[in-house]
Amino acid sequence: MAWVALVRPPAAELFFGDSVATSDGGIFEGTWVGEPGDLGPLRSTTPFGSGVLRDGERLFLVPPGHMLEGIYLQRLADGGVLASNSLTGLLTAAGLELDPALAYPPMFNESVDGVMHSVIPTLGPPVETLFHDNLSIDLDGRLAIVPKQREELFSSFADYRARLSAALASALRNAPGYEPVVTISSGYDGAALAVLAAELGCRRAVTIAEGKPVAGVAGLSDSGAEVGARLGMEVGVFPRLAYQQRADLPEAEFLASGFAGEEVVFSEMERELAGKMLVSGFYGDGMWWLNRPPRPLLWRSDQSGSSLGEWRLRVGFHHVPLACFGGHDYRVTQRISRSPEMRPWTLGRRYDKPIARRILEEAGVPRGTFGEVKRAASGSLHVDGPAALSPGTRASLAAFAAQEGRRVTFQRRRRALWERATLKLTRKLGLERVAARVERRKFELAVMEPVFGSLLLRWAVSIIRPRYEGVASLAERDLR
């Protein structure tokens, strides 16, 4: 599902994989919420995929309507533009290399804070990131950011639930032949979306068997198999750390997008997801977690969900993080969550999501079978460093580092005791602005350690680059 575009107005040349859909309007990989048609993704509030589409005399680069994946581009000296939905694809086509002297993890983490456009330095010209909003290119080569249309504000729980369900139905209609598969854990988000998917005929789900340890909580189970069974779904259960037994360098695909590689735990699901539509619960924390302070457009609390991109493009599945729908202002769902009608589904504890709980309990899923504890099942490469890598990857990474005259080093960063105590106290006192600043520090520490993370990124790009050799140095091509 990867594509690379070389645009030198008025000419454009597109290169793409065989699962990218073509039309008179251009190319697009994925699905979207809204009306069908060649330009449906361009006019959608929430496209789940990316492409290059022409409307009249303007060409548009269309990134997903969420912040988990983006488009990467380089402005050429002659006024042209080179773009791709793959960072490695863009670097290969442009003939660029990342700079070994730079710390890249903080740069990529900007999208977590809602930054839609940023610059990534290289050893040559910089690469620009394009998240969420569209980019138009006119016949004169002028570039302009074009904001996506926004959903009307939700007025109540009933309105929100109905429109969320309608959005999923629309995404299914716009991707005929892509069977939906839902992620379910022991938490809230995927399970609530599984209810909506089941109502629309979805009968397949996937889950990670175990999560990470949680202080004061016995056991490691994070499986959503029980909830899936109650919804009449066939649930595939996968071990969390199976990737560590593989010899094919599985981490590379999940690190090549510049993020922390947490979704490497999905790698064993490849056969289950190939040619399917994955409906996930990413963005559920921001949209549904009660008493979250207001954040920027499509803000996320961490990088979860951001590392699927390169793997997804090869395996060939659509990714629908449905909870991002209508997420331009989280305060709307916060107001609904705090409304009097939601009190029966509000527990008053920190891990509390009344909207998701109501969806599940009204569907007959009993209280106590979900949402009891926040137990992440994501990978921990950013926390455990080399110890979390498969043996083959550790050896390959060490050889790559040696070629640069380096060694593989890693230092785990932790919050100071005073930071932890301050965060608890400010939350208890309702000092949200102070708490937000301390919490930001917490999330900064969760980003991949800069030196180790930069080495991992350059290594991962070197492993993935050969699959794009067909577009190597594409920027040198003359279209005139």
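Here are a few things to note about the model shown:
- Taking the accessible area of the range 182-317, probe 1.4 Å, and keeping the other protein chains in place, the carbon and sulfur fraction comes to 51%.
- Each label was represented as a point 7 Å from its Cα along the Cα-to-Cβ direction; for GLU13 and ARG150 these points are 4.1 nm apart.
- Structure-derived Kirkwood radius over Cα pairs in Å: which label, when the choices are (1) 21.7; (2) 22.9; (3) 24.6: (2)
- Here the accessible area of the range 60-146 is 56 percent carbon and sulfur, with a 1.4 angstrom probe and all protein chains present.
- Accessible surface of SER118 - all protein chains present, 1.4 Å probe, nearest 10 Å²: 20
- Taking all protein chains into account, the per residue accessible area for the chain stands at 40 Å² (1.4 Å probe).
- Note on ARG204: accessible area is roughly 50 Å² with a 1.4 Å probe, heavy atoms of protein only.
- Accessible area of LYS374 in the full protein assembly, 1.4 Å probe (Å², nearest 10): 90
- With a Förster radius of 56 Å applied to the beta-carbon distance between VAL214 and ASP138, the computed FRET efficiency rounds to 0.60.
- Lysine pairs in the chain with Cα atoms under 19 Å, if 8 or more residues apart or on separate chains: 8
- Largest-first ordering by accessible area, 1.4 Å probe, given options ARG161, ARG350: ARG350, ARG161
- Of the GluC sites (Glu not before Pro) found in the range 152-217, those in coil by DSSP whose Cβ has at most 12 other Cβ atoms within 10 Å are GLU152.
The values are calculated or read from the model by the stated rules, or taken from the named source; none is laboratory data. Note that the structure is a prediction, hence the values are computed from the model and not measured. Cβ sites come from the backbone with ideal geometry, for glycine too, and all protein chains shown count toward neighbours. Protein only, heavy atoms only, side chains kept; ligands, DNA and RNA dropped before computing areas. Shrake-Rupley method; radii C 1.70, N 1.55, O 1.52, S 1.80 Å.
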